[in-house]
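The values are calculated or read from the model by the stated rules, or taken from the named source; none is laboratory data. Since the model is a prediction, treat every value here as computed from it, not as a measurement. With ideal geometry, Cβ positions are generated from the backbone for all residues, glycine too; neighbour counts draw on all protein chains shown.
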Amino acid sequence: MQFAFAAIATHSAPDLDLVYRVVNKFEAAGNSFSKNVYDGIHRSLTSLGKFEEAEQIVEKMRNAGYEPDNITYSQLVFGLCKARRFDEAAKVLDVMEEQGCTPDIMTWTILIKGHCAAYEIEKALLCFAKMMEKGFDADADLLDVLINGFLSRQEQ
């Protein structure tokens, strides 16, 4: 059941009505999904810009005994960046720390990549500086994001 549901929820164009009906019916029967399935639903919703619905899934996930982790929060940061809601995306990192979940290099890279994709190189560099202040070192993926950001800026 969970595998079939994960396939529906993580499809590139999920049928959200079907997703909600399955979630509600499954939970009404006293069941809960695995953390991975909740994250899959959350990822689908955030990538579609359905942030209120994504928050409802996080609440359902919490009610099932799972706390958001770097994966959950990184998905939210990705979706917010995709929607060009960068201030909100940056605040997610603060919320993570308040909740005892330290943003990892992947979360920082997603935020910085979002700024670079929007040609906001200065903001990307500010995020990079903040990341370095928090004791993170840039990895090859992040350096690639920054270099591509600089190059795309020059092509404008």
Got a sec? Which of L76, L80 is in contact with an Asp or Glu (Cβ under 6 Å, 6 or more places away or on another chain), within 19 Å of D39 (Cα to Cα), crowded, with 18+ Cβ neighbours inside 10 Å and not assigned by TED's automatic domain parsing to the domain that holds F33?
-> L80
F86 being farther than 19 Å from Y38 by Cβ and at pLDDT 95 or above | yes
Restricting region 118-137 to residues that are of a type in the set (A, V, I, L, M, F, W, C) and farther than 13 Å from F150 by Cβ, which is surrounded by the most Cβ atoms within 10 Å (Cβ to Cβ)?
-> C127
Scan (1) in contact with a Pro (Cβ under 9 Å, 6 or more places away or on another chain); (2) buried (at least 23 other Cβ atoms within 10 Å of the Cβ) for the single condition H115 breaks and write down its number.
-> (1)
Taking the options Y38, Y66, name whichever one is over 24 Å from H115 (Cα atoms), surrounded by fewer than 21 Cβ atoms within 10 Å (Cβ to Cβ), touching a helix residue (DSSP H, G or I) at 6+ places or on another chain (Cβ under 6 Å) and among the hydroxyl-bearing types (S, T, Y).
-> Y66
Of all residues in region 83-94 being of a type outside the set (A, V, I, L, M, F, W, C) and in a helix (DSSP H, G or I), the one that is surrounded by the most Cβ atoms within 10 Å (Cβ to Cβ) | E88
Counting only residues that are polar (S, T, N, Q) and in a loop (DSSP other than H, G, I, E, B), how many does region 14-71 have?
-> 3
Within region 118-130, is even one residue farther than 17 Å from L76 by Cβ, in contact (Cβ under 8 Å) with a residue 24 or more places away in the chain, of a type in the set (A, V, I, L, M) and assigned to a helix (DSSP H, G or I)?
-> yes
Scan region 131-156 residue by residue and report those that are free of Cβ contacts under 8 Å to residues at least 12 places away in the same chain, closer than 23 Å to Y73 by Cβ and assigned to a helix (DSSP H, G or I).
-> M132, E133, A140, L143, D144
Tell me which of these M106 doesn't satisfy, since it passes every other one: (1) outside the structural domain of G149 (by TED's automatic domain parsing); (2) surrounded by fewer than 20 Cβ atoms within 10 Å (Cβ to Cβ).
-> (1)
